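What follows is a set of notes on a single structure, which appears directly below.
Since every read-out is calculated from the coordinates, none of them should be taken as a lab result. Everything numeric here is computed off the predicted structure, so don't read it as measured data. Here Cβ is always computed from backbone atoms with ideal geometry, including for glycine, and neighbour counts include all displayed protein chains.
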């Protein structure tokens, strides 16, 4: 019984409450921190700083429960209902994971940009 409990805990993935995920907005952070001064297309300029390898690295840092739906939806182009069938997961759960996954991906992009120096020096608070 104790071993079963340990196995379940080992397989469990930490899911964040929606309130905790909602706190971060990449667009709002970009506007507040202004890493690309004098840009009319701030959000797009920020995203253009990432190479495919950078995006892959950020994706790989996400827990699989968020990464899989994001890849299936945005890279492979599957509809949400198809993803639910493929992952054998309720549609509402897939929608929630896509939402949370997008937020965590945005947070990951921001953190990765800071870690790797993709942002201009001295412009991030």
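Descriptive notes on the structure:
- Modelled spin labels at residue 71 and residue 55, positioned 7 Å past Cα toward Cβ, are 1.4 nm from each other.
- Taking other Cβ atoms within 10 Å as a rough exposure proxy, 98, 47 sort from fewest to most as 47, 98.
- The largest-to-smallest principal axis extents of the Cα set in the range 54-102 are 30, 18, 15 Å.
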